[in-house]
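Below: the structure, in structure tokens.
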Amino acid sequence: MQYSAPKKIFLETHNIRNLYSGFGQFNFNLAKALSKETDFLNEHQLILNCNNDKIKQELGKCISYNKYFPITRYPFFRIKKNFHLWHSVNQNTKIEPASNSTPYLLTIHDINFLEENTGKDLELRINQLKNKIERSDAIVYVSEFAKTSTHNYFKIPDVPEFVIHNGNNFNYKYSKYSEIFCSGYVPDKPFIFSIGQVVEKKNFHTLIEMLRFLNDINLVIAGEIKDEYVDLLKQKIQAYKLENRVFLLGPISESDKIFYYKNCLAFAFPSLREGFGLPVLEAMTFGKPVFLSNKTSLPEIGGKDAFYWENFDPEYMAKVFNEGMSKFHNNKQTYISAYKNRAKEFTWENAAKEYMNVYKSILQ
């Protein structure tokens, strides 16, 4: 009987080291789902670019690991090992294989940088993505919106394209948290919850402005603070005298995040640019009403039972919120059931199986 060595699939996942980031969560949850596919792993060797020992321990020994060195982002120091397939798991990574002949899969989450960057930095990012697209043997998008917007701005070669939605992080572990406690701020009033990197595109300041037109409701915003945008939020809080109603928490633990989802009055996400929008599904897992901007991918992920803001006039936003909460309470069980069912449609297990099919199609 002839032995066939496993085919080596390299996942460029160095962002996995930061689990507070969207890319870190994507890398970790996809890898975790793939690590459970034993039949696939009998014939394929998955290799993650990862140095974090805690993450390695959690993912287990079914997956192999490459030691990540920041210097490998420079062309002369690129990884020279031979792989049957290289998966660039997001469009921003600067780490590429040394050989141009290595079969290449690209996942595109969004092209937000076209609106966020300027000058030489924008030109660099455009050329970087163009090069990735041109060398790709297949491309995966995390949403139909991400696919459409990429086609609008870039010439896509004649290669297979796929839309694979991200999974909902809480689907498989919600049952573990029937009793959950908060280690941080515990609201003493009904509260709206929002979470995400505290950057301008998340549009959090509109929630602060809306709060002036809502009575007896607090606002809790969690997430990694990335730039000076937080100064604008603090200025608005002070100007509107909302110091006792708006709380900026910074990064929070997983258990605290679950506490806020579970106990919030509603979840709000007025983001201007999202390739996917995972917090929407996380909130729906708990049957919470979700209020979203109608921008980019959010209607695709939120579905027909979410409530949407078409603009960000604060009085209008408050009106949409109050009307949405009234509809929710008048048909509470129907909405809760719809939200939970929507959240269950997006699983990392399904995403992993779809990625495995893509891997196989390239390796054939």
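The values are calculated or read from the model by the stated rules, or taken from the named source; none is laboratory data. What you see is a predicted model; the values in this text were computed from it and never measured. Using ideal geometry, Cβ is built from the backbone for each residue, glycine included, and neighbour counts are taken over all protein chains shown. Heavy atoms of the whole protein, side chains included, go into the accessibility calculation; ligands, DNA and RNA do not. Shrake-Rupley method; radii C 1.70, N 1.55, O 1.52, S 1.80 Å.
Annotations for the structure displayed:
- Convex hull projection area averaged over all views, the range 1-137, Cα basis, nm²: 9.4 nm²
- Whole-Å semi-axes of the ellipsoid equivalent to the range 7-53 (Cα gyration tensor, √5λ, descending): 20, 11, 8
- Estimated from helices alone, the mean residue ellipticity of the chain at 222 nm is -12000 deg cm²/dmol (sum of -39500 (n - 2.57) over DSSP H runs with n ≥ 4, per residue).
- For residue 246, distant residues with modelled amide H under 5 Å away: 219
- Computed FRET value (nearest 0.05) for residue 234 with residue 99, which takes r as the C-beta separation and R₀ as 45 Å: 0.35
- The chain - Rg over Rh from alpha carbon coordinates, Kirkwood radius: 0.98
- In the range 1-68, the trypsin sites (Lys or Arg not before Pro) that fall in loop regions by DSSP, at most 10 other Cβ within 10 Å: 61, 67
- Sparse-neighbour loop sites [chymotrypsin sites (Phe, Trp or Tyr not before Pro); the range 1-52; at most 15 other C-beta within 10 Å; DSSP]: 3, 20
- For the range 127-132, 3J(HN,Hα) per residue [Karplus equation, 6.51 cos²θ - 1.76 cosθ + 1.60, θ = phi - 60°, Hz, x = Gly/Pro]: 5, 4, 6, 4, 5, 5
- Shown in residue order for the range 53-65 are the 3J(HN,Hα) couplings computed by the Karplus curve 6.51 cos²θ - 1.76 cosθ + 1.60 at θ = phi - 60°: 5, 5, 5, 4, 5, 6, 6, x, 8, 6, 10, 9, 9 Hz (x for Gly and Pro).
- Taking packing as the residue-averaged number of other Cβ atoms within 10 angstrom, the listed peptides 218-229, 331-342 run from highest to lowest as 218-229, 331-342.
- Residues whose amide H falls under 5 Å from that of residue 108, counting only those 5 or more places apart or on a different chain, are 140, 141, 142, with hydrogens built in the peptide plane.
- In this structure the amide hydrogen of residue 271, modeled in the peptide plane, comes within under 5 Å of the amide hydrogens of 293, none closer than 5 places in sequence on its chain.
- Gyration tensor verdict on the range 271-364 (Cα atoms; rounded if a/c is under 1.5, prolate if a/b is larger than b/c, oblate otherwise): oblate
- Carbon and sulfur %, accessible surface of the chain computed with the full protein complex present, 1.4 Å: 49 percent
- For the range 1-125, the solvent-accessible area works out to 54 Å² per residue, with a probe of 1.4 Å and every protein chain left in place.
- With the highest mean first, a sort of the peptides 243-252, 68-77 on other beta-carbon atoms found within 10 angstrom per residue produces 243-252, 68-77.
- The translational diffusion coefficient of the range 223-309, from Stokes-Einstein at 25 °C and 0.890 mPa s with a Kirkwood hydrodynamic radius over alpha carbon pairs, comes to 171 µm²/s.
- Vicinal HN-Hα couplings computed from phi for the range 20-31 (Karplus, 6.51 cos²θ - 1.76 cosθ + 1.60; Hz; Gly/Pro x): 7, 9, x, 5, x, 5, 4, 4, 5, 6, 5, 4
- Among the trypsin sites (Lys or Arg not before Pro) found in the range 265-311, those both in a DSSP coil and sparsely packed, with 14 or fewer other Cβ atoms within 10 Å of their Cβ, are 304.
- Degrees between helix 144-153 axis and first principal axis of the chain (Cα, 0 to 90, nearest 10): 70 degrees
- Cα-Cα over 24 Å, subset of 7/32; 295/353; 81/147: 295/353; 81/147
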